[in-house]
């Protein structure tokens, strides 16, 4: 169990350090290029990984936050049972990655609205998410009264942007000519990457995973 806690703690430490640093040093939408195909840019995401939504609007956001909590709860039990059972490390370690990433994004969603003075919020009258000017700061007021929103209403901080292909399609190409094409467009964070890595490792090593205890 110590190795599992170390993995989870290390991933969360890196994830939260990156998110807090980016949010407190960049304006929303601001950033800089590492290479032409790799940017660091601040984006706040009220939805799931890579900008997907379970449901639109404010209630969709709350539903997503609760779903994240339930997912973490069940994965934790699932992982604990398999650690006790001494299941294969080819299963334990990737599942630990997935759990760590899920916790990382849940922390943003649950706490960031109370920890920072500004953030992306949902305007119930206009039915859309509203951005903010300037650079966010850690709230100096009470955890429960000094932030930009309430518990479970924070947005996830994303920062990795990989526009590997960013070009205009020539006009002479049928149907698609004249359009702008970009790959890979979504902005993501370290937690998203770790979840993706965990899933890939489970698929790669599926033949080495012998028995798994569900519940």
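Quick check: residue separation of residue 69 and residue 207 times 0.36 nm, minus the Cα distance between them. What number comes out in nm?
Length difference between fully extended and current span is 46.7 nm.
Take peptides 87-95, 187-195, 32-40 and line them up by average Cβ neighbours within 10 Å, highest first, as a rough protection proxy.
187-195, 87-95, 32-40
Rounded to the nearest 0.05, what FRET efficiency do residue 24 and residue 81 have when you use their Cβ-Cβ distance and R0 = 45 Å?
It comes out at approximately 0.70.
Using Cα pairs under 8 angstrom and six or more residues apart, how large is the relative contact order of segment 2-208, in percent?
Taking the mean separation of contacting Cα pairs over the length of segment 2-208, I get 29 percent.
Using the count of nearby Cβ atoms within 10 Å as a rough guide to exposure, how do 80, 59 rank from fewest to most?
Working: 80 13, 59 10.
Going from least to most buried by this count: 59, 80.
Tell me, in nm to one decimal, what length is gained between residue 164 and residue 37 on full extension, where the rule is 0.36 nm per residue of separation less the Cα-Cα distance?
So the extension gain works out to 45.2 nm.
Laboratory data are not the source of any read-out in this text; all were calculated from the coordinates shown. Predicted model, so just to flag it, every value in this text is computed and none were measured. Note: ideal-geometry Cβ built from the backbone for every residue, glycine included; neighbour counts use all protein chains shown.
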